[in-house]
Amino acid sequence: MTDEDSRRGRIKCVVWDLDNTLWDGVLLEGDAGPPRPEMLKIMRTLDEHGILQSIASKNDPDAADQHLSAFGISDMFLYPQIGWGPKSDAVARIAKSLNFGLDAIAFVDDQEFERAEVSFAHPSVLCLDPNELAGALTEPEFNPRFITEESRQRRHLYRSQVAREEAEREFQGTSEEFLASLAMTFTIRPASRDDLQRAEELTVRTNQLNSTGRTYSYDELEALLTSPDHLVLVAELEDRFGSYGTIGLALVQRGTPYWHLKLLLMSCRTMSRGVGTILLNHIMAAARDAGVRLRADFVETGRNRMMQITYAFAGFVEVAREGPAVLLESDLSNVQAPAPYVTVVVK
């Protein structure tokens, strides 16, 4: 993989300042104008690329929301942080709300002091002057290899997630009762060529729930798809609020006496939904029914601790190690049924 490939599509969210950045003037001084046309064009490009957007602004929240709403763009921003605290704290809250690493965030502000404050607190955040942003959009970090239909719908998928979170805060009952109220359906099916662009995107975008941290190109996935010795599975999730899209991918090399799980990943958007082990247990049951044992690759990346815990709870034990690369094995005596609040469909 080239350096450009490793950087491609790294930025998942652009966090905007408002005064003299998104628009000219200062809102509370009464001279704020409409959003700058060149910034609106950039916002539309980011949205089409599946890059989310938020706000970190020292401002009055109500006044800022009214100004954004007046120009019909308030719904472009997820988890906006408008107040008077340090912008580094605002950026951290946005990353946490989106469940993104800070290295997936770009911060745009006209003031050098604010960029320096964020950069000092979070060195992995890409900090840009507004005048640098148009040029930055040509860089690999802002350009995933494929722009899928799911990319174009990403903001709406996350807006559905915000609605779920609001419903959960208002729900009177236990966490399990809330999950049951979502009426979730988890679908597992063999991947098709139509899935491969999204599958590549998943390997590039997913970090915390990626068992190896490895990315796979479209061509690599296509070769595996046509191999009789490999199984490529995708998982989808939906509930009463709508679809989460394609949220899981597994690559299995089939053989005797072992099947080898080369990659398992789940979108970070599913972490609180209690569905993280369904795809793994499906593969374990399939290997058991085929009369083989199951081995799995795990590579410690510093960010995928949750996937390591998932394997441990599923009964996998370490059988070999080379640096951060670990080979795990299960005797398949610990295949778990899905939670009763999820309907699992296997195609």
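Summary of values
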{"read-out": "Every pair of residues 6+ apart whose Cβ atoms lie under 7 Å, when the first sits in region 33-47 and is assigned by TED's automatic domain parsing to the domain that holds Phe107 while the second is aromatic (Phe, Trp, Tyr)", "value": "Gly33/Trp23; Pro34/Trp23; Pro34/Phe71; Pro35/Trp23; Pro35/Phe71; Arg36/Trp23"}
{"read-out": "Test: residue in region 69-82 that is touching a Gly at 6+ places or on another chain (Cβ under 8 Å) and in contact (Cβ under 8 Å) with a residue 40 or more places away in the chain", "value": "no"}
{"read-out": "Residue that is farthest from Pro144 (Cα to Cα) [pool: residues in region 21-33 that are outside any helix (DSSP H, G or I) and out of contact with any Phe, Trp or Tyr (no Cβ under 6 Å at 6 or more places or on another chain)]", "value": "Gly30"}
{"read-out": "Boolean, Leu28 is crowded, with 19+ Cβ neighbours inside 10 Å and either on the phi > 0 side of the Ramachandran plot or not β-branched (Val, Ile, Thr) (or both)", "value": "no"}
{"read-out": "Scan of region 263-281 for residues that are within 24 Å of Pro228 (Cα to Cα) and surrounded by fewer than 20 Cβ atoms within 10 Å (Cβ to Cβ), ordered by number", "value": "Asn281"}
{"read-out": "Segments classed as strands (runs of 3 or more DSSP E), wholly inside region 105-201, with at least 2 members that are among the β-branched types (Val, Ile, Thr) and in contact (Cβ under 8 Å) with a residue 60 or more places away in the chain", "value": "105-108, 184-190"}
{"read-out": "Condition broken by Leu40, with the remaining ones in (1) closer than 20 Å to Arg155 by Cα; (2) at pLDDT below 95 satisfied", "value": "(2)"}
{"read-out": "Residues of region 83-99 satisfying the condition of being in contact (Cβ under 8 Å) with a residue 60 or more places away in the chain, of a type outside the set (D, E, K, R) and either under 20 Å from Ile42 (Cβ atoms) or crowded, with 19+ Cβ neighbours inside 10 Å (or both)", "value": "Ala90, Val91, Ile94, Ala95, Leu98"}
{"read-out": "Residues within region 59-82 that are buried (at least 19 other Cβ atoms within 10 Å of the Cβ) and not in a loop (DSSP other than H, G, I, E, B), tallied", "value": "6"}
{"read-out": "Search result, residues across region 237-266 that are farther than 27 Å from Asp331 by Cα and out of contact with any Asp or Glu (no Cβ under 8 Å at 6 or more places or on another chain)", "value": "Leu237, Glu238, Asp239, Arg240, Phe241, Gly242"}
{"read-out": "Any pair with Cβ under 8 angstrom, 6 or more apart, that starts in region 1-20 at a residue that is part of a loop (DSSP other than H, G, I, E, B) and ends at one that is modelled with pLDDT under 80 and of a type outside the set (Val, Ile, Thr)", "value": "Arg8/Arg145; Gly9/Arg145; Gly9/Glu201; Gly9/Arg205; Lys12/Arg205"}
{"read-out": "Residue match in region 169-181 (condition: among the β-branched types (Val, Ile, Thr), loosely packed, with under 12 Cβ neighbours inside 10 Å and more than 15 Å from Ile147 (Cα to Cα))", "value": "yes"}
{"read-out": "Subset of region 35-57 that is over 27 Å from the mean Cα position of the chain (by Cα) and outside any loop (DSSP other than H, G, I, E, B) - its residue that is surrounded by the fewest Cβ atoms within 10 Å (Cβ to Cβ)", "value": "Pro37"}
{"read-out": "Set Arg305, Arg269, Arg273: member being basic (Lys, Arg) and farther than 26 Å from Ser181 by Cα", "value": "Arg305"}
{"read-out": "Ile247 vs. criteria crowded, with 20+ Cβ neighbours inside 10 Å and either in a helix (DSSP H, G or I) or of a type in the set (Gly, Ala, Ser) (or both)", "value": "no"}
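The values are calculated or read from the model by the stated rules, or taken from the named source; none is laboratory data. What you are looking at is a predicted structure, and each value in this text was computed from that prediction instead of being measured. Neighbour counts are summed over all protein chains in view; Cβ atoms, including those assigned to glycine, are modelled from backbone coordinates with ideal geometry.
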